[in-house]
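Written out below as structure tokens is the structure these notes cover.
The values are calculated or read from the model by the stated rules, or taken from the named source; none is laboratory data. What you see is a predicted model; the values in this text were computed from it and never measured. So basically every Cβ, Gly included, is an ideal-geometry build from the backbone, and we count neighbours across all protein chains shown.
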Amino acid sequence: MAANGACFLGNVTDGPWGWNVPTESVAFDEAGIRSRLLCLESPCYAVCDGIRVGLSHHAGVDSSAPSGGHRLKPVAWVPPLPIWQLGDPAFRETHGTHYAYHAGAMANGIASEQMVIALGKEGFLASFGAAGLTPARLEEAIVCIQKALPQGPYAFNLIHSPGEPALESRCVDLYLSHAVSCVEAAAYLDLTPFVVRYRVAGLRLRGRDEVHAANRLIAKVSRREVAAKFMEPAPQRILKQLLEQKLITEQQAALSQRVPMADDITVEADSAGHTDNRPMFALLPSIAALRDEIQQKYRYAQPLRVGAGGGIGTPSAALATFMMGAAYVVTGSINQSCIEARISGHCKKLLAEADVADVTMAPAADMFEMGVKLQVLKRGTLFPMRAQKLYELYMQYNSLEEIPLKEREKLEKQIFRSSLESIWESTQAYFSELDPGQIEKAAKNPKKKMALVFRWYLGLSSHWSIVGEPGREMDYQIWCGPSMGSFNAWVRKSCLEDVSHRKVADVARHILTGAAFFYRVQSLKLQGVVLSPACSEYRLEPIES
């Protein structure tokens with residue numbers, strides 16, 4: 001039967017709970033219905049007076065006494081759902097957060113100190129984007145964040161660097177020396193001695209027989225075979241190597257067999273940056289099932305948690321992920337357009353204009369020689385096309401000298417804007433400080449030298465986008481997934497449309513509040529109460545902390 005903003009498709013006399021609702025507490029208008037749905041800390045009772053459907057927060061035990069027309073039987077109800085109840089409470093307890101929400105790392109410090117601190121102070125976990133930074137810059141960030149958040153929560157990124165193992169090793173050295181207690185491991189193809197060392201070096205006995213993992217690990221994966229490596233205990237072959245180097249103790253090696261490599265597994269679907277572009281609805285159930293198999297096998301005292309990221313840019317996407325069993329949700333691209341992100345205003349403007357289809361894959365700087373790609377914004381930049389051209393030349397020729405003169409001149413004029421010789425000099429200077437072994441390899445292998453020269457462009461293109469390098473706008477490398485487009489569509493004509501108003505903690509709170517709101521709307525719908533679009537829309541209004 002029709003109503004002002006809602007209708008009930010069931011039998012009005014069916015109220016099965018033995019409750020009744022005072023008529024004076026019921027809202028029948030659209031604004032009143034929405035306000036009751038948004039009061040997440042209170043239950044909602046739907047009633048029908050034979051003509052209209054309304055909502056109330058109040059109900060009492062039914063009695064045989066006549067109601068005198070002042071009480072109505074509820075036809076549906078939803079319990080309270082404050083946003084801290086979303087997800088797995090063990091995630092909040094382990095990481096010291098208020099919410100099951102994680103802002104993932106974005107390399108080169110795009111996920112900045114300011115972002116980590118802003119979210120941490122509001123009870124959200126965020127990872128600092130350590131990938132691509134020098135050890136000195138990373139140490140500066142560690143000191144800054146630990147000073148602002150002495151009790152957390154915060155995390156730091158550790159990215160797999162198969163071509164530059166010295167960088168990965170230095171990161172772990174810094175994390176251990178500064179007692180960084182939570183690391184987000186990303187882009188791993190296999191376990192390395194560095195990530196195993198970080199995890200195992202923090203193991204100790206607490207009490208008589210409880211294994212305490214002081215170094216928590218969140219592993220971001222997109223493949224079952226990689227997920228399995230982080231779900232299982234540390235491999236013996238690596239433990240043996242670390243023991244020989246005296247980097248861990250015999251007791252730590254023994255304790256490592258009683259805990260998984262990671263506390264949390266983030267299923268990375270179609271995300272920005274490194275991604276396999278996998279659909280969440282296929283990937284999350286598969287890896288969750290793998291988790292259950294491995295938990296059954298090892299019987300860990302603290303069961304593994306599986307969260308999810310990639311494509312989460314709206315409340316409905318977050319709710320869908322929670323309803324699939326995710327312990328927590330991870331956001332990335334949408335945070336990059338926020339005030340606290342360390343990226344140029346020009347890039348934030350491009351991100352705010354992006355649609356779902358305005359992304360593409362391009363060669364990755366850190367795994368260029370392996371043919372690994374990452375997802376970037378294609379609207380407003382020529383970077384994807386130019387980066388792909390460099391990879392094609394790398395695959396076609398064995399050295400810079402083999403590249404035809406005409407093609408070489410195009411490279412120097414359009415992409416590098418300098419001679420390849422001068423680019424090589426700059427490349428040598430960079431790696432001499434960061435990883436001298438790369439220069440030694442290039443001296444013996446012309447193709448390696450060509451790869452390093454091409455990586456000069458791939459690496460600097462992301463730097464240019466961060467600092468807003470004038471004249472290089474068409475070369476900006478901007479990591480972006482399709483969630484950016486869905487977020488922009490959601491916030492259009494709202495308080496979050498203007499990037500100068502996008503605060504990362506506000507975005508996080510709106511995502512979770514909207515998810516809880518939509519849960520209540522859908523729960524009522526499943527019970528026969530169908531709300532109008534005006535009642536069931538989560539509107540972006542300011543949320544008081």
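Observations, loosely collected:
- Yes/no for Val196 being touching a residue at least 12 places away in the same chain (Cβ under 8 Å), more than 20 Å from the chain's Cα centre (by Cα) and crowded, with 22+ Cβ neighbours inside 10 Å: yes
- Scan of segment 208-239 for residues that are assigned to a loop (DSSP other than H, G, I, E, B) and either among the β-branched types (Val, Ile, Thr) or surrounded by fewer than 20 Cβ atoms within 10 Å (Cβ to Cβ) (or both), ordered by number: Arg208, Asp209, Ala214, Arg223, Glu232, Pro233, Pro235
- Some residue of segment 369-386 being acidic (Asp, Glu) and modelled with pLDDT under 90: yes
- Subset of segment 440-454 that is without any contact (Cβ under 8 Å) to a residue 12 or more places away in the chain, of a type outside the set (D, E, K, R) and in a helix (DSSP H, G or I) - its residue that is surrounded by the fewest Cβ atoms within 10 Å (Cβ to Cβ): Ala443
- The one condition from (1) over 21 Å from Asn108 (Cα atoms); (2) part of a strand (DSSP E or B); (3) within 24 Å of the chain's Cα centre (by Cα) that Leu205 does not meet is (3).
- Residue in segment 468-482 that is in the same structural domain as Asp366 (by TED's automatic domain parsing) and of a type in the set (Gly, Ala, Ser) present: yes
- Top-ranked residue of segment 120-144 - restricted to ones that are among the hydrophobic types (A, V, I, L, M, F, W, C) and under 19 Å from the mean Cα position of the chain (by Cα), ranked as modelled with the lowest pLDDT: Ala131
- In segment 476-506, the residues that are within 12 Å of Cys338 (Cβ to Cβ), buried (at least 21 other Cβ atoms within 10 Å of the Cβ) and of a type outside the set (Lys, Arg): Met484, Phe487, Val491, Leu496, Val504, Ala505
- Taking residues in segment 399-414 that are within 26 Å of Lys441 (Cα to Cα) and without any contact (Cβ under 8 Å) to a residue 24 or more places away in the chain, and partners anywhere that are surrounded by fewer than 14 Cβ atoms within 10 Å (Cβ to Cβ) and among the polar types (S, T, N, Q), the pairs with Cβ atoms closer than 6 Å and at least 6 places apart or on different chains are Glu412/Ser419.
- Options Gly69, Gly5; residue that is surrounded by fewer than 16 Cβ atoms within 10 Å (Cβ to Cβ), over 30 Å from the mean Cα position of the chain (by Cα) and at pLDDT below 80: Gly69
- Within segment 289-308, restricting attention to residues that are in a helix (DSSP H, G or I) and among the charged types (D, E, K, R), the residue that is surrounded by the most Cβ atoms within 10 Å (Cβ to Cβ) is Arg291.
- Strands (runs of 3 or more DSSP E) contained entirely in segment 324-416, each with at least 1 residues that are buried (at least 16 other Cβ atoms within 10 Å of the Cβ) and charged (D, E, K, R): 373-377
- Residues considered: Ser399, Ser418. Of these, the only one that is in contact with a Lys or Arg (Cβ under 7 Å, 6 or more places away or on another chain) and among the hydroxyl-bearing types (Ser, Thr, Tyr) is Ser399.
- Hey, Phe431 closer than 30 Å to Met361 by Cβ, hydrophobic (A, V, I, L, M, F, W, C), without any contact (Cβ under 8 Å) to a residue 40 or more places away in the chain and out of contact with any Asp or Glu (no Cβ under 6 Å at 6 or more places or on another chain) or not: yes
- All of (1) modelled with pLDDT under 95; (2) part of a helix (DSSP H, G or I); (3) out of contact with any strand residue (DSSP E or B) (no Cβ under 8 Å at 6 or more places or on another chain) hold for Val196 with one exception: (1).
- Contact annotation: residue pairs with Cβ atoms under 8 Å, 6 or more positions apart or on different chains, pairing a residue in segment 355-374 that is under 12 Å from His274 (Cα atoms) and in contact (Cβ under 8 Å) with a residue 40 or more places away in the chain with a partner that is in a loop (DSSP other than H, G, I, E, B) and of a type in the set (Val, Ile, Thr), are Pro363/Val372; Ala364/Val372; Asp366/Val372; Leu374/Thr275.
- Selection of segment 245-288 for residues being within 18 Å of Leu203 (Cα to Cα) and part of a helix (DSSP H, G or I) yields Glu250, Gln251, Gln252, Ala253, Ala254, Leu255, Ser256, Gln257, Arg258.
- Looking only at segment 450-472, and only at residues there that are touching a helix residue (DSSP H, G or I) at 6+ places or on another chain (Cβ under 6 Å) and of a type in the set (D, E, K, R), the one that is nearest to Arg379 (Cα to Cα): Arg472
- Flag if Gln428 is surrounded by 20 or more Cβ atoms within 10 Å (Cβ to Cβ), assigned to a helix (DSSP H, G or I) and at pLDDT below 90: no
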